[in-house]
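Some notes on the structure that comes next.
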Amino acid sequence: MTQALKYETASSGETQALAARLGEIVQSGDVLCLSGDLGAGKTTFTQGLARGLGIEEPVSSPTFTIIKEYDDGRIPLYHMDIYRLGEAAVQEDLGYDEYFYGEGVSVIEWYGFLEELIPEDRLELHITLAEGDGRRLRFTATGPHATARLKELEQLCPTSH
Ligand code: ADP
Ligand code: MG
């Protein structure tokens with residue numbers, strides 16, 4: 001259940017292509033938690049995932065809006081960036097549960113600030129910088145739904161690790 005699925009990408013295009021495959025298989029109620037430094041590629045990954053969902057509206061960083069919803073894909077995408085709220089995130093009543101337990105897939109940048117409110121069964125993705133434009137992507141699953149999704153992703157995108 002906690003076994004990690006690891007990838008390396010050499011460009012933002014490669015990161016988005018991988019994310020798009022995940023976007024093709026995510027289901028209602030899936031939660032994807034993203035971590036990694038500023039500029040690691042969390043928003044870039046989300047853009048690829050949106051493409052895989054068939055979303056055509058451009059996905060931008062929701063730093064100022066905190067939550068942005070995209071409804072023109074196979075299922076809704078709820079894109080959250082908690083960075084600006086920081087420690088105050090858990091006190092803000094932004095109706096998080098409507099998203100986490102809603103019809104769409106939730107993707108959360110800087111989820112650490114919101115950890116206690118996020119469903120336990122979730123996919124986590126940590127992105128780190130590698131040489132040049134390289135990135136290391138490490139997925140872990142913390143429950144049965146997330147584990148199933150990770151296995152599907154592994155089938156679609158085999159990794160050499
Ligand atoms: P974050 O949301 O984690 O702060 P962004 O996705 O906004 O990061 O920014 C990542 C930046 O790094 C973008 O400018 C993107 O084009 C660039 N980049 C370069 N190589 C990669 C890669 N392999 N994967 C993802 N992004 C990359
Ligand atoms: Mg971002």
Sole miss for Arg138 among (1) closer than 14 Å to Lys42 by Cα; (2) within 16 Å of ligand 2 (Cβ to nearest atom) is condition (2)
Members of the stretch 119-161 found to be touching a helix residue (DSSP H, G or I) at 6+ places or on another chain (Cβ under 6 Å) and either of a type in the set (Gly, Ala, Ser) or not in a strand (DSSP E or B) (or both), listed by number:
Pro119, Asp121, Arg122, Ala141, Glu152, Leu153, Leu156, Cys157
Scanning the stretch 1-24 residue by residue, the ones that are more than 9 Å from ligand 1 (Cβ to nearest atom) and part of a loop (DSSP other than H, G, I, E, B) total 4
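Return the residues of the stretch 131-161 that are touching a Lys or Arg at 6+ places or on another chain (Cβ under 8 Å) and over 18 Å from Val26 (Cα atoms); say none if nothing qualifies. Break it down stepwise before answering.
Within the stretch 131-161, the first condition is being touching a Lys or Arg at 6+ places or on another chain (Cβ under 8 Å), and the residues that meet it are 136-139, 141-143, 146, 153, 156-157, 159, 161.
Result: Arg136, Thr159, His161.
Condition test on Arg135, is it open to solvent by 30 Å² or more (accessible area, probe 1.4 Å) and touching a residue at least 60 places away in the same chain (Cβ under 8 Å)? Lay out the reasoning, then the answer.
Working: open to solvent by 30 Å² or more (accessible area, probe 1.4 Å): yes; touching a residue at least 60 places away in the same chain (Cβ under 8 Å): yes.
The answer is yes for Arg135.
Considering each residue of the stretch 51-60, count those that are assigned to a loop (DSSP other than H, G, I, E, B) and surrounded by fewer than 19 Cβ atoms within 10 Å (Cβ to Cβ), and give that number.
Initial filter on the stretch 51-60 (assigned to a loop (DSSP other than H, G, I, E, B)): 53-60.
Cutting the leftovers down to surrounded by fewer than 19 Cβ atoms within 10 Å (Cβ to Cβ) gives us 54, 56-58, 60.
Total meeting the criteria: 5.
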Output the residue which, of all residues in the stretch 119-161 that are closer than 27 Å to Val90 by Cβ and of a type in the set (S, T, N, Q), is nearest to the chain's Cα centre (by Cα).
Thr140
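Just one of Ile118, Ile108 is modelled with pLDDT of 95 or more and within 14 Å of Thr46 (Cα to Cα); which is it?
Numbers: Ile118 fails: within 14 Å of Thr46 (Cα to Cα).
It is Ile108.
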Search the stretch 61-94 for residues being within 16 Å of ligand 1 (Cβ to nearest atom), in a loop (DSSP other than H, G, I, E, B) and of a type outside the set (Ser, Thr, Tyr), and hand back the single one that is surrounded by the most Cβ atoms within 10 Å (Cβ to Cβ).
Ile82
Would you be able to tell me the number of residues in the stretch 66-96 that are on the phi < 0 side of the Ramachandran plot, at pLDDT below 95 and over 16 Å from the mean Cα position of the chain (by Cα)?
10
Enumerate the pairs (first residue in the stretch 33-45 and open to solvent by 10 Å² or more (accessible area, probe 1.4 Å) and of a type in the set (Ser, Thr, Tyr); second residue anywhere and modelled with pLDDT under 95 and within 7 Å of ligand 1 (Cβ to nearest atom)) with beta-carbon separation below 7 Å, excluding pairs fewer than 6 apart on the same chain, so at least 6 apart or on different chains.
Thr43/Ser61
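The values are calculated or read from the model by the stated rules, or taken from the named source; none is laboratory data. Computed from a predicted structure; not experimentally measured. Note that each Cβ is placed from the backbone with ideal geometry, even for glycine, and that neighbours are counted across all protein chains shown. Surface areas here come from the heavy atoms of the whole protein model, side chains and all, with no ligands, DNA or RNA. Shrake-Rupley method; radii C 1.70, N 1.55, O 1.52, S 1.80 Å.
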